[in-house]
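The values are calculated or read from the model by the stated rules, or taken from the named source; none is laboratory data. Quantities reported herein were computed from a predicted structural model and do not represent experimental measurements. For neighbour counting, all protein chains shown are included, and Cβ atoms are generated from backbone atoms with ideal geometry for every residue, glycine included.
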Amino acid sequence: MLWDVSYGKDATSTLYYLTVSGKNFILLPKLDIEEKIAFNFFISKTLGTVEFGTVRAVVTPKSLESVISISGWKYKDIKNHLELVFGSCAGALAVGGTATSTSNVLTSGSGDDQVYVYYAEDAQINGKRGLVTVSHESVTDFKTIVDDVETQLKLTTAFKGVVAAKLTKVAFDAGASNIIYDPGMGNGPVPQVDSGASLIISLVILFVTLMF
């Protein structure tokens, strides 16, 4: 897969973005299919939204918003499904939720010091909104999901050798070939949104960065 990185800001220097995208060609008889995947990250100086198809991502000065888009994904069997796996590390991690779920949020700390990772329970799938399945799994040794030695040292130092880690799996329906998924993270109370708006994930290194 070939990868490309782009970044920029809007005309008012209020919204900043970073996009890491990759593509891969699949050669089939009489047909060339291009698989594409992109990780889009946003930070904003003000409260607002960023729209991707039917997904409306909320941005705030205290959040790191991300939108993952996948297109042209091919399956060997139409019964197979795609699953995204995310890793999170902190001194302690609690599983919580919003008004509509009890398990789609990970939090660390409390009050103004709280840091959260929010996993949307819906996504745009093949052009329509659909539900996804979110599950968490505790990891005994955080180093199994953080292979960068420098990051391991920062985590061990920051949390005095006691590092909690979880793997979060987001599963899509079988045959989902075009996906837009909107997870995110931030500081403070977890934002509450209505069912028509998907909120805010990101990767473990970004989660770690917010904690320092």
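Tabulated data
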item	result
Leading residue by the ranking (modelled with the lowest pLDDT) among those in segment 96-150 that are acidic (Asp, Glu) and loosely packed, with under 14 Cβ neighbours inside 10 Å	ASP112
Residue check, LYS160 of a type in the set (Lys, Arg) and more than 27 Å from ILE37 (Cα to Cα)	yes
Count - residues of segment 40-66 that are assigned to a strand (DSSP E or B) and of a type in the set (D, E, K, R)	3
Enumeration of residues in segment 49-90 that are exposed (fewer than 15 other Cβ atoms within 10 Å of the Cβ) and under 21 Å from ASN187 (Cα atoms)	THR49, PRO61
Verdict on SER69 being under 16 Å from the mean Cα position of the chain (by Cα), in a strand (DSSP E or B) and within 30 Å of SER110 (Cα to Cα)	no
THR209, sole failed condition from (1) in a loop (DSSP other than H, G, I, E, B); (2) at pLDDT below 90	(1)
Looking only at segment 159-176, and only at residues there that are surrounded by 15 or more Cβ atoms within 10 Å (Cβ to Cβ) and over 18 Å from the mean Cα position of the chain (by Cα), the one that is nearest to LEU106 (Cα to Cα)	ALA164
